[in-house]
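K.L.:
The structure follows.
The values are calculated or read from the model by the stated rules, or taken from the named source; none is laboratory data. Worth saying up front: this structure is predicted, and the values here are computed from it rather than measured. Quick reminder, even Gly has a Cβ in these numbers, built from the backbone with ideal geometry, and neighbours come from all protein chains shown.
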Amino acid sequence: MYPSAANETALKVVAWDGQFGHLRGMARSSKPSDGSAAVPHRASDGGGTAVAAGAVSAADQAPLQLEKFLPYQLNVVASLVSLALSRVYARRYGIGVPEWRVLVTLGQYGVMTGKAIGAHTHMHKTKVSRAVALLEKRRLLVRRANRADMRESFLSLTAAGRTMYEELAPHALDFANRLMEVLAPADREAFDRALRQLTERSAQLVAEVAQDEGRTAEEEDDT
């Protein structure tokens, strides 16, 4: 029904393979089910084996290893989850990630401005604006003028948009449950707590960087 969304999803799969294809190699060299030590794949010829062994040794001694770097690990998880989840709404409704976030935010809060949606979803105002325009074109949301500030509008879902939100909700929640089922119930509370702490710390670091940049700019103006 929405070939463009299906094509977009297919392109994302290709992009995923290019960006995270190395994870397949990690999975293949993981510990076998019988408990024996994992044996990494090596080239079959003598010279190739020596080169591969040397490369692996050098990689293991590198001061910064990408696959063990927490920011990268978090980015991989976020990218994979987003790709898998996008199939829930892209195939059914032909919307992308920005439209999905705007739709769900309005479904949750009812009425919001574009600026408030951007702050809540951590999306740039340009992405929010494009997503709003697309949803408005499909008559899934409406704008209402803000008399207190004519530069912005109040946004809310139409009846069709509300229906889509209510249809999407159980599918999204089922996906979240399937994602979390790999964690033991006893581990989920600790995971939620760690996730909140990492989110709060990340926000602090963003603020610190912005403050440092502002201080640097002031120092440059004084020179």
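K.L.:
Can you go through 130, 178 and tell me which one is modelled with pLDDT of 95 or more, part of a helix (DSSP H, G or I) and at negative phi? Working first, answer last.
P.N.:
Numbers: 178 fails: modelled with pLDDT of 95 or more.
Going through 130, 178 in turn, just one is modelled with pLDDT of 95 or more, part of a helix (DSSP H, G or I) and at negative phi: 130.
K.L.:
Taking region 135-175 only, how many residues are touching a Lys or Arg at 6+ places or on another chain (Cβ under 7 Å), part of a helix (DSSP H, G or I) and β-branched (Val, Ile, Thr)?
P.N.:
So the count comes out to 0.
K.L.:
Ok, one more. Are any residues in region 71-97 in a loop (DSSP other than H, G, I, E, B) and either under 14 Å from the mean Cα position of the chain (by Cα) or more than 27 Å from residue 140 (Cα to Cα) (or both), and if so, which ones?
P.N.:
Narrowing region 71-97 to residues in a loop (DSSP other than H, G, I, E, B): 94-96.
Matches in region 71-97: 96 only.
K.L.:
Just wondering, is there one or more residues in region 143-151 that are closer than 24 Å to residue 199 by Cβ and among the hydrophobic types (A, V, I, L, M, F, W, C)?
P.N.:
Just the residues of region 143-151 that are closer than 24 Å to residue 199 by Cβ, to begin with: none.
No, region 143-151 contains no residue that is closer than 24 Å to residue 199 by Cβ and among the hydrophobic types (A, V, I, L, M, F, W, C).
K.L.:
Scan region 133-151 for residues that are modelled with pLDDT under 95 and either more than 19 Å from residue 118 (Cα to Cα) or touching a helix residue (DSSP H, G or I) at 6+ places or on another chain (Cβ under 6 Å) (or both) and jot them down. Talk me through it step by step, then tell me what you get.
P.N.:
Step one: of region 133-151, the residues modelled with pLDDT under 95 are 143-151.
Those that are modelled with pLDDT under 95 and either more than 19 Å from residue 118 (Cα to Cα) or touching a helix residue (DSSP H, G or I) at 6+ places or on another chain (Cβ under 6 Å) (or both): 147, 148.
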